[in-house]
Every structure is written in structure tokens, then in C-alpha cells.
1. Exactly one of (1) under 19 Å from HIS99 (Cβ atoms); (2) among the hydrophobic types (A, V, I, L, M, F, W, C); (3) touching a Ser or Thr at 6+ places or on another chain (Cβ under 9 Å) is unmet by LEU80. Its number?
2. Give me a count of the residues in segment 53-94 that are among the aliphatic types (A, V, I, L, M), touching a residue at least 60 places away in the same chain (Cβ under 8 Å) and either farther than 21 Å from GLY107 by Cα or open to solvent by 60 Å² or more (accessible area, probe 1.4 Å) (or both).
3. Only one of (1) more than 17 Å from ASP22 (Cα to Cα); (2) part of a strand (DSSP E or B); (3) among the hydrophobic types (A, V, I, L, M, F, W, C) is not met by MET109, so which one is it?
4. Could you tell me which residue of segment 132-145 is modelled with the lowest pLDDT, considering only residues that are more than 13 Å from HIS99 (Cβ to Cβ) and assigned to a strand (DSSP E or B)?
5. Are there any pairs, at least 6 apart or on different chains, whose C-beta atoms fall under 7 Å, with the first in segment 24-43 and buried (at least 17 other Cβ atoms within 10 Å of the Cβ) and the second part of a helix (DSSP H, G or I) and of a type in the set (A, V, I, L, M), and if so, which?
6. Go through (1) of a type outside the set (Asp, Glu); (2) modelled with pLDDT under 90; (3) part of a helix (DSSP H, G or I) and name the single condition TRP129 misses.
7. Which of the following residues is among the basic types (Lys, Arg), under 21 Å from ILE31 (Cβ atoms) and modelled with pLDDT under 95: ARG121, ARG115?
8. Take the residues of segment 65-103 that are of a type in the set (Lys, Arg) and within 22 Å of ASP122 (Cβ to Cβ): which is modelled with the lowest pLDDT?
Amino acid sequence: MSARVAFAAGLALSFPAPALADPVGLAADLIGRPYVWGAEGPDAFDCSGLMQYIFAKVGIDLPRRAIDQSRVGGLVGRRLEPGDLVFFSTDTRRSLVTHVGIYEGDGVMINASSRGGRVRRDDLDDEFWADRFMFARRISDAAGTPSARRSETPRGPTNRARIAARVLGRVAGILTRRR
């Protein structure tokens, strides 16, 4: 597992990269990679391979198949949060989980499907996805904090500033615990 080094108050601190990672941001970075059934990345993905790959980067071990991933985490009620896994059924009876994506926000998911042929963003209001939607699950982050506690924030400098503040807060927590 790789590590990142941060310099704070003249001290070099090394901590695992997953503590800093955001599964939605990781998925967005993979947009455009080809869809290949059974692929687990990093050059190509299928839907569940993409979810397993990005969550592994943040320290969460997900099962390999979409149907098994659909049993992890807590069921989401009415309001989706970025990072929630969204599950779909493309079988003829619409009873078996066959596809998974990650909710990015604003009604959009990132997923890898044969329909798009690559990792891409899809609108959940698209008739194809809306007709096949089953449910969503919320996964806890690597620190054990439910993603439900994270608020949906806009992308851009404001979001980067919040992420930087969160990282610095974790670094400060590490420093104060070790003294």
C-alpha cells in the first residue's frame, strides 16, 4: 500500500494514502477507461470491479460481484449522498442486482457498463436507469465515519479547501495523540 508524506510544522509525517482518498473523486478520475466484463482495473473495469477498485483505494474491502456488494453497508432512505452505491437490475424479471454505480451528486452516478462501453457519468433520471433502479447503500469510510455525515459539497476550490482542512485536522489529531 502506498503512503503519502505531509510536512506540518517542520515535521515529516507519513500516513496511508487511503485516509486522504475520496471514492467519488477516484471514480471521476477513471472516466473514459474502457468497460470490459470481468475487468478489475486499473486499465479497464466492469461495474463491480470499478467499485471494488475505488473503495480499496480508501481502505474499504468490497466483495467482487455487484450482487454481493448490494449486501454491504446500510440501506439509504430518501436522500442519496455522494459515495452511496446505487444498484440496478437489468435481468428480465427485475429482481436480481446486476449493476452498480457510485452516486456523484446532483442526480448523477459514475459507472462502468457495456451500455456506455466505458467508465462514464450517467443521469439517474435517464429512463434506462430509472426503470432499473432497485436501491442504494451507504458505505462507511476508511475511518469508520458513515458517509451520511458528509454533506454534499460543490466541486472546485471550495471543496478542495474543505478537504485540505479535513486532512490538516487529521494530521493535528495524529500529532496531539502521539505526544
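1. Failing condition for LEU80: (3).
2. Within segment 53-94, the first condition is being among the aliphatic types (A, V, I, L, M), and the residues that meet it are 54, 56, 58, 60, 62, 66-67, 72, 75-76, 80, 85-86.
If we keep only those that are touching a residue at least 60 places away in the same chain (Cβ under 8 Å) as well, we get 58, 60, 62, 72, 75-76.
Now narrow it down to the ones that are either farther than 21 Å from GLY107 by Cα or open to solvent by 60 Å² or more (accessible area, probe 1.4 Å) (or both): 58, 60, 62, 72, 75.
Qualifying residue count for the region: 5.
3. Going through (1) more than 17 Å from ASP22 (Cα to Cα); (2) part of a strand (DSSP E or B); (3) among the hydrophobic types (A, V, I, L, M, F, W, C) one by one, MET109 breaks only (1).
4. SER140
5. So the pair list comes out as LEU26/ILE54; ALA27/LEU50; ALA27/ILE54; LEU30/LEU50; GLY41/LEU50.
6. For TRP129, the failing item is (2).
7. Details: ARG121 fails: modelled with pLDDT under 95.
Matching residue, one of ARG121, ARG115: ARG115.
8. Restricting attention to segment 65-103, the residues satisfying the condition of being of a type in the set (Lys, Arg) are 65, 71, 78-79, 93-94.
In the following step, the residues that additionally are within 22 Å of ASP122 (Cβ to Cβ) were identified as 65, 78-79, 94.
Values: ARG65: 97, ARG78: 82, ARG79: 93, ARG94: 77.
Going through the qualifying residues, I end up with ARG94.
The values are calculated or read from the model by the stated rules, or taken from the named source; none is laboratory data. Just so we're clear, the structure is a prediction, and the values are computed from it rather than from any experiment. Cβ coordinates were reconstructed from backbone atoms using ideal geometry, including for glycine residues, and neighbour counts include every protein chain displayed. The accessibility values were calculated without ligands, DNA or RNA, using every heavy atom of the protein model including side chains. Shrake-Rupley method; radii C 1.70, N 1.55, O 1.52, S 1.80 Å.
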